[in-house]
Amino acid sequence: MSGGTALAVFVSISAGFAASAQAAILGKLGDRVGTVEALGFSTLVAGATGVAVLLIARRSLAGISASAHQPAWLWLGGVLSAFIILSVTIATPRIGVAAAIGLVITGQLLVAAAIDRFGWFGFERIPLHWPRVLGIVLLAAGAVLSLRK
């Protein structure tokens, strides 16, 4: 495994750890202040964090301007982030962190497999072989089973 691949694996696993903690924390914040309020506040914190990282890494805010001049469909990443935050804030107190994250990951894998298979958004096409399909089906089954308390 190359250094770049190892780094990608490490940050992906770390993001998984962070996403589970985030779901639990946002669920609790949503219980205390309301789901929409938790969405607004956490989005402000994420934005401030992103600007701080940009300033530290690039010593400039030019990346924000460059991003604003891209096609509007590329801005959907921010809209989808807000939707994900709202969804886990609603779901975790009601169905639990494991079930919510299991269902989120199942949805992610289904769409990711389609993106890979059809090359959507300009990505290289990657065939969808049976082991991948089986993995998605097993994860979906695990997510459904985790709904039982």
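The values are calculated or read from the model by the stated rules, or taken from the named source; none is laboratory data. A quick note: this is a predicted structure, and the numbers were derived from the prediction, not measured. Virtual Cβ from ideal backbone geometry, glycine too; neighbours counted across all protein chains shown. Heavy atoms of the whole protein, side chains included, go into the accessibility calculation; ligands, DNA and RNA do not. Shrake-Rupley method; radii C 1.70, N 1.55, O 1.52, S 1.80 Å.
Table for the structure above
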| item | result |
| --- | --- |
| Qualifying residue in the stretch 46-65 (condition: closer than 21 Å to I101 by Cβ, in a helix (DSSP H, G or I) and small (G, A, S)) | yes |
| Residue count for the stretch 1-28, restricted to those that are in contact (Cβ under 8 Å) with a residue 24 or more places away in the chain and either open to solvent by 50 Å² or more (accessible area, probe 1.4 Å) or not in a helix (DSSP H, G or I) (or both) | 2 |
| Some residue of the stretch 29-38 being farther than 26 Å from F121 by Cα, free of Cβ contacts under 8 Å to residues at least 24 places away in the same chain and among the acidic types (D, E) | yes |
| Pair list, Cβ under 6 Å, 6 or more apart: the stretch 124-144 residue farther than 23 Å from V97 by Cβ, other residue open to solvent by 90 Å² or more (accessible area, probe 1.4 Å) | L128/R117 |
| One residue from L110, L128 being more than 24 Å from I85 (Cβ to Cβ) and either out of contact with any Pro (no Cβ under 7 Å at 6 or more places or on another chain) or assigned to a loop (DSSP other than H, G, I, E, B) (or both) | L128 |
| Tally, over the stretch 29-46, of residues that are of a type outside the set (S, T, N, Q) and either closer than 21 Å to Q108 by Cβ or open to solvent by less than 40 Å² (accessible area, probe 1.4 Å) (or both) | 6 |
| So S20, is it over 21 Å from F121 (Cβ atoms) and out of contact with any strand residue (DSSP E or B) (no Cβ under 7 Å at 6 or more places or on another chain) | yes |
| Pair list, Cβ under 7 Å, 6 or more apart: the stretch 71-98 residue surrounded by fewer than 17 Cβ atoms within 10 Å (Cβ to Cβ), other residue among the aromatic types (F, W, Y) and not in a helix (DSSP H, G or I) | none |
